[in-house]
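Participant: Quick one: the structure is below, questions incoming.
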Amino acid sequence: TELTLRLGDKDATFDVGNVQVTTRLIEGDFPNYRGLIPDNHPNMLTVGREALLDAVRRVRLLAQEATPVRMIMKENALELVAVTQDVGQAHESLDANYDGEELTVAFNPEYLLNGIEVTTGDEITLQTVDALKPALVRTVGDDDFVYLLMPVRVS
């Protein structure tokens, strides 16, 4: 299948077979995402990619709408918890390697899943500073890929 790309001053058009997609280019400067990435990540979780994907998907079933998934990280273990009013609580435990202070960080389950899904390899790392600063999702052994994940404040 042949792909044709046409770039205009304010748009780009892609042609593949009988399908044509046109998109407008966004005006302005690209956000300075590098300023959001902390220089130091004292906490590092290493976990199996597929096991984490499956666990987040199961916990997400009970997490209605904007219910965050809490990740409780401690030595050799990861717990995922979602608490939804009037519905109940979902809880998953996984074997994991964790280097750092015991920490609970909450994320929007959709954004967390998106980050895990686009990684490759068998294991991923989640690098954190604390419960409120951005986290980094990476594939073990691949320094070229970084997924920046913003935590959710929970009470």
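Participant: For I37, which of the numbered conditions (1) in contact with a Pro (Cβ under 8 Å, 6 or more places away or on another chain); (2) over 30 Å from A106 (Cα atoms); (3) not charged (D, E, K, R) fails to hold?
Facilitator: The number of the failed condition is (2).
Participant: Give V146, V129 a once-over and let me know the one that is closer than 17 Å to P38 by Cβ, over 11 Å from the mean Cα position of the chain (by Cα) and surrounded by 14 or more Cβ atoms within 10 Å (Cβ to Cβ).
Facilitator: On the way: V146 fails: over 11 Å from the mean Cα position of the chain (by Cα).
Unique residue meeting the criteria: V129.
Participant: Here is a check on your reading of the model: is Q64 outside any strand (DSSP E or B) and modelled with pLDDT under 95? Give the steps one after another, and end with the answer.
Facilitator: Numbers: outside any strand (DSSP E or B): yes; modelled with pLDDT under 95: yes.
Yes; evaluated as a whole, the condition is true for this residue.
Participant: Would you please name the residue that is farthest from T104 (Cα to Cα), looking only at residues in segment 138-155 that are part of a strand (DSSP E or B) and in contact with a Gly (Cβ under 8 Å, 6 or more places away or on another chain)? Lay out the reasoning, then the answer.
Facilitator: Taking segment 138-155 first, the residues part of a strand (DSSP E or B) are 138-139, 142-149, 152.
Filter once more, keeping what is in contact with a Gly (Cβ under 8 Å, 6 or more places away or on another chain): 139, 142, 147, 149.
Numbers: T139: 21, D142: 26, Y147: 19, L149: 15 Å.
In this case the residue turns out to be D142.
Participant: Still on this model: Which residue, of E79, E101, is out of contact with any Pro (no Cβ under 7 Å at 6 or more places or on another chain) and modelled with pLDDT of 95 or more?
Facilitator: Details: E101 fails: modelled with pLDDT of 95 or more.
Every option except E79 fails the conditions.
Participant: Then there is this: Taking segment 24-54, which residues are free of Cβ contacts under 8 Å to residues at least 40 places away in the same chain, surrounded by 10 or more Cβ atoms within 10 Å (Cβ to Cβ) and of a type outside the set (D, E)? Before the answer, list the steps.
Facilitator: First, the residues of segment 24-54 that are free of Cβ contacts under 8 Å to residues at least 40 places away in the same chain: 24-32, 34-35, 39, 54.
Next, only the ones that are surrounded by 10 or more Cβ atoms within 10 Å (Cβ to Cβ) stay: 25, 54.
Hit for segment 24-54 is L25, nothing else.
Participant: Within segment 106-125, which residues are in contact with a helix residue (DSSP H, G or I) (Cβ under 9 Å, 6 or more places away or on another chain) and in a strand (DSSP E or B)?
Facilitator: Selection gives F107, E123, I124.
Participant: Looking only at segment 55-76, which residues are over 14 Å from the mean Cα position of the chain (by Cα), within 11 Å of P109 (Cα to Cα) and surrounded by fewer than 16 Cβ atoms within 10 Å (Cβ to Cβ)?
Facilitator: R58, L61, Q64, E65, A66
The values are calculated or read from the model by the stated rules, or taken from the named source; none is laboratory data. Source: prediction; values computed, not measured. Cβ sites come from the backbone with ideal geometry, for glycine too, and all protein chains shown count toward neighbours.
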